[in-house]
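The values are calculated or read from the model by the stated rules, or taken from the named source; none is laboratory data. Since the structure is predicted, the reported quantities are computational estimates derived from the model, not experimental observations. Cβ placement follows ideal geometry from the backbone for every residue including glycine, while neighbour counts extend to all protein chains displayed. The protein model used for the area step is the full one, side chains on, heavy atoms only, and it has no ligands, DNA or RNA in it. Shrake-Rupley method; radii C 1.70, N 1.55, O 1.52, S 1.80 Å.
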Amino acid sequence: MFNEGAMLLRDQNTPRWIVFTIDMGICLFALFVAYMLRFNFSIPPIEIPLLKIALPGFLLVRALTVYFGKTYAGIVRYTSTQDAKRIFIVVTIGSLIFGLANLIRFYAVDGKFFLPITIIIIDYMTTMFLMITSRIAVKLVYLERKNPGKDKTNVIIYGSGELGLITKRTLDRDAGTRYKVVAFVDDNAAKSGKMLEGVKILSTDKLDTLLQEQTIDQLIIGILKPSQANKTRVIDTCLAHNVNVLNVPPVQNWINGELSFKQIKKVRIEDLLGRDIIQLDVAAVRGQLEGKTVLVTGAAGSIGSEIVRQVATYAPQQVVLLDQAESALHDLSLELRGTFDGDLFETVVGDITNHDRMAHLFSTYTPDIVYHAAAYKHVPLMEENPSEALLTNVLGTKTLVDLSIQYEVNDFVMISTDKAVNPTSVMGASKRIAEIYAQSINAQATTRFITTRFGNVLGSNGSVIPLFKRQIENGGPITVTDKEVTRFFMTIPEACQLVLEAGAMGEGGEVFIFDMGESVKIIDLAKKMIKLSGLELDKDIAIKITGLRPGEKLYEELLNTEENTLPTHHPQIMIAKVAEYDAAEVQQNISELIALFQTQHNEKIVGRMKEIVPEYKSNNSVFSKLDR
């Protein structure tokens, strides 16, 4: 393969005719080796004339099979298993032809063999071996020349199952010039010490020791459904050793069903904070949604849009998307029509505080189920604009609740927030008042009013995650309000899954709360995001403490101190035992509160909110004086 080696040094592809000539040379050499081995390196003189007669036919058969099999067409330095398979087929067909020629000549011509059977067998094995190994040798020389061993990136693959093996082969195929798989690590201790394609498998318990003993640049998560606890432990160990962590995307996201190296991306903070897969009562959710008309308010938002995506998978008759954000709604509409049947969706631009517009919507589509996700949610912004929080979060909800009763909606599921518990902000108080209204009116309505309450969702509008990502991209600093501030987190998909489950199990009047797991220190979150970005704290990027913003809490709660919970059949959903309210009194209080919008007097509006929600105590706010 001298010509091929010379071409290597110039980074050019060897002409096909040269590869063809080399392959024919290998075939001829393999036949010579077969004769030498068969006759103990001393070919009898009687065999020479017979060989001379057979040689032209032998070369013709090999030339035709190589030509039509196109073993010469591949780029030798990129030899793959497909190339080896092609060589196997071509050589096998040629040798079978030789065997067939033996039968024809022996039985139909002169009772002699075209080539001795042992020669054909030895030639077959030798040709196969030489053609494959010559290509592998060229590939190894090329890879080493392109990136010497000392310059390679050392990689560990987490997971030694099918996906881990596919990941290794993807690295070998797409990025073999730059990456070296040092080890597999696996949660299954029984695999420890075994080998997979020449690479040792270690228990994840040995990962810390491995990272101390060897220079590892990256770890790739190549496991289909890892335990979230184990996955988090592996990532934390890598971050402690400044090892970059990458993630293989879900199989359904692979292009044409095949994984490529460029699809392997850095782990996101969402991957680190997520939890084990939620098990839904799919039958119950489908029973509620199948064949129904579903209205989703705030459909263009992060929560609303995910509810739409999930609802669409349960075969509803129609999904009505309502939002006043025109551009975001248009983008969502285009996305959905690229994934689902476009006739399934109706997009409506409208404001939930506009009674006439909402009445027209309800009369036109007569929804069976309403998921109410439309709300103002930014705490500091609503602290500066209480009248708008009142208008959207209270009046908007009241309008939808009243119309749901009028048009005999079956189920009304309201998306609330942990900030409604012992509220310290205008936003939290407005959401608590909306909860109270829906809950109080449930007893006298045929519509079932169900409230779901949960904390921050990762990546949602208003979450710290997108803010931190932008700040990191801009070079910092990352702004954290307080070193001690903590928040509960949940991914958008799992939050919406629990909303659907709660909506299906609710009988009306309940406030469902979700198990949010452990609270997370925001400053720790910021530090992990810096490490996941491959940066170093206080060297590449800084963290700046800015102080709590108006209305913010240090710690979020999911339950009022006077509340307790009841379990449900789902371990991550509980029912909050909240205080009951007189519907007539609530109606009067909220009507009086809404009437204050016309005054645009913030203190009067907030003061009335505090009367309706006695536990509402402002924090770090100009309205704190109303609590004295």
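Sorting E536, E552, E408, E580 by accessible area puts them as E580, E408, E536, E552; the probe is 1.4 Å, largest comes first, and only protein heavy atoms count. With Cα atoms defining each centre, segment 312-374 and segment 400-477 are spaced 18 Å apart in the structure.
Given a Förster distance of 45 Å, report the FRET efficiency between K527 and Q263 from their Cβ-Cβ distance, rounded to the nearest 0.05. Computed FRET efficiency for K527 and Q263 comes out at 0.95.
Find the accessible area per residue for segment 300-428; the probe is 1.4 Å, ligands and nucleic acids are left out, and the unit is Å². Before the final figure, lay out the partial values.
Working: 4610 Å² over 129 residues.
It amounts to 36 Å² per residue over segment 300-428.
Counting only C-alpha contacts under 8 Å and six or more residues apart, can you give the relative contact order of the chain as a whole percent? Kindly include the intermediate steps, with their values, before the conclusion.
Details: 1030 pairs, mean separation 59.3, N = 628.
Computed over the chain, the figure is 9 percent.
Only Lys, Arg, Asp and Glu carry charge here, each on its Cβ (+1 for the first two, -1 for the last two); on that basis the chain has a dipole of about 3720 debye about its Cα centre.
Rounded, prolate or oblate: pick one for the chain, where a ≥ b ≥ c are the square roots of the eigenvalues of its C-alpha gyration tensor, a/c under 1.5 means rounded, and failing that, prolate if a/b is larger than b/c, else oblate. Prolate, because a/c is 1.5 or more and a/b exceeds b/c. With the charge dipole of the chain set up from +1 on Lys and Arg Cβ and -1 on Asp and Glu Cβ about the Cα centre, the Cα lying farthest toward the positive end among the listed residues Q598, F412, T21 is that of T21. Residues of the chain were split at every exposed loop site, defined as chymotrypsin sites (Phe, Trp or Tyr not before Pro) in a DSSP loop with at most 12 other C-beta atoms within 10 angstrom, and the longest piece left, sites excluded, is 42-554.
As a check on your grasp of the helix formula, calculate [θ] at 222 nm for the chain: sum -39500 (n - 2.57) over DSSP H runs of n ≥ 4, divide by the residue count, round to the nearest 500.
On the way: 22 runs with 285 residues, N = 628.
Helices in the chain give a 222 nm mean residue ellipticity of -14500 deg cm²/dmol.
How far is helix 302-312 tilted off the main Cα axis of the chain, in degrees rounded to 10, range 0 to 90? For 302-312 against the chain, the angle is about 70 degrees. Building the convex hull from the alpha-carbon atoms of segment 395-541 and averaging its projection over directions returns 10.0 nm². Summary value for segment 483-628: 25 percent relative contact order, contacts being C-alpha pairs under 8 angstrom separated by 6+ residues. For K577, the amide hydrogen comes within under 5 Å of the amide hydrogens of N564, T565, L566, counting only partners 5 or more places away or on other chains and with H modelled in the peptide plane.
Taking a ≥ b ≥ c as the square roots of the eigenvalues of the Cα gyration tensor of segment 332-402, is the shape rounded (a/c under 1.5), prolate (a/b larger than b/c) or oblate? In terms of gyration-tensor shape, oblate. The C-alpha atoms of the chain define a longest principal axis, and helix 47-69 lies at about 20 degrees to it. For the residue pairs K225/K469; K180/K265; K231/K262; K152/K225; K262/K531; K553/K610, the C-alpha atoms sit more than 19 angstrom apart in K225/K469; K231/K262; K152/K225; K262/K531. Angle of helix 326-339 to the longest C-alpha principal axis of the chain, folded into 0 to 90 degrees and rounded to 10: 40°.
Between the amide H of V267 and those of V245, L246, N247, distances stay under 5 Å, these residues lying 5 or more places away or on another chain, with hydrogens modeled in the peptide plane.
Peptides 189-199, 204-214, 351-361 ordered by packing proxy, namely the average of other Cβ atoms within 10 Å per residue, highest first: 351-361, 204-214, 189-199.
What is the ratio of the Cα radius of gyration of segment 94-134 to 2.2 N^0.38 Å, where N is its residue count, to two decimals?
Numbers: Rg = 12.0 Å, N = 41, 2.2 N^0.38 = 9.0 Å.
Taking N as the residue count of segment 94-134, the ratio is 1.33.
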